[in-house]
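S.K.: Supplied in structure tokens, the structure appears directly below.
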Amino acid sequence: MKRLLIPNLLAALCLSPGCGYRLSSRSTLLPKHVKTIAIPAFGNATTRYQLAQRIPAALTREFIARTRYQIVPDPSAADAILEGSVLNYLGYPVVFDPATGRASTVQIHVILTITLRDRASGAVLWVNPNLEIRERYEISVDQRAYLEESDVALDRASREVARRVVSVILEAF
């Protein structure tokens, strides 16, 4: 009897569909009819113009890399529109060189608003009115070897915005 029990139990386990475990976040925030998304240029209420240009480009790359949605340039041809604005940009020193007293590390703090809207109905599918991103970069204390790192930090901040936004939309959190 025990000889038959073990093979039958193993066969039953192999043929069963599984334990039923699945991630609850497998759905998306987007309705089924959304196939195309437009990401127009972001507004900018700061003096840091480059960031408002980099974020839509980073969002486009992230959507293309991680989703099935097609990104289109014309908002009137899209099913959904992802729009936003850079509300605030702050850059301030956080680490100082003890020998010279000069700043050696700068923290940037960016606040933006981002809205995903259904173009046909105008319904808001997702909104974050206060998305905050923080990024650090170093400054050379030797003026002769100075290399501007703020552009690299802006690129990292843009990629972080894109990663967060696409993750929220894909995971429906």
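The values are calculated or read from the model by the stated rules, or taken from the named source; none is laboratory data. Bear in mind that the values here come from a model prediction, so they are computed numbers and not experimental data. Backbone-built Cβ (ideal geometry, glycine too); neighbour counts: all protein chains shown.
S.K.: Could you check segment 61-121 for strands (runs of 3 or more DSSP E) lying wholly inside it with 3 or more residues that are more than 19 Å from the chain's Cα centre (by Cα), closer than 18 Å to ALA41 by Cβ and free of Cβ contacts under 8 Å to residues at least 60 places away in the same chain? Break it down stepwise before answering.
M.R.: Details: elements: 70-72, 80-96, 103-118.
Hits in segment 61-121: none.
S.K.: Looking only at segment 3-24, decide whether some residue is in contact with a strand residue (DSSP E or B) (Cβ under 9 Å, 6 or more places away or on another chain), part of a loop (DSSP other than H, G, I, E, B) and at pLDDT below 85.
M.R.: Taking segment 3-24 as the starting set, the residues that turn out to be in contact with a strand residue (DSSP E or B) (Cβ under 9 Å, 6 or more places away or on another chain) are none.
No, every residue in segment 3-24 fails to be in contact with a strand residue (DSSP E or B) (Cβ under 9 Å, 6 or more places away or on another chain), part of a loop (DSSP other than H, G, I, E, B) and at pLDDT below 85.
S.K.: While we're here: Within segment 46-57, take every residue that is in a helix (DSSP H, G or I) and within 15 Å of ILE108 (Cβ to Cβ) and give me the one that is modelled with the lowest pLDDT.
M.R.: Quick first cut of segment 46-57, residues in a helix (DSSP H, G or I) only: 49-57.
Subset that is within 15 Å of ILE108 (Cβ to Cβ): 49-52, 54-55.
Numbers: TYR49: 80, GLN50: 84, LEU51: 85, ALA52: 89, ARG54: 94, ILE55: 95.
My answer is TYR49.
S.K.: Just one of ASP142, ASP155, ASP118 is at pLDDT 85 or above, surrounded by fewer than 17 Cβ atoms within 10 Å (Cβ to Cβ) and of a type in the set (Asp, Glu); which is it? Write out each step before concluding.
M.R.: On the way: ASP142 fails: at pLDDT 85 or above; ASP118 fails: surrounded by fewer than 17 Cβ atoms within 10 Å (Cβ to Cβ).
Matching residue, one of ASP142, ASP155, ASP118: ASP155.
S.K.: Please enumerate the residues belonging to segment 70-83 that are touching a helix residue (DSSP H, G or I) at 6+ places or on another chain (Cβ under 7 Å) and buried (at least 21 other Cβ atoms within 10 Å of the Cβ).
M.R.: The first filter runs over segment 70-83 and keeps only residues touching a helix residue (DSSP H, G or I) at 6+ places or on another chain (Cβ under 7 Å), leaving 71, 81-82.
Across segment 70-83, the qualifying residue is only LEU82.
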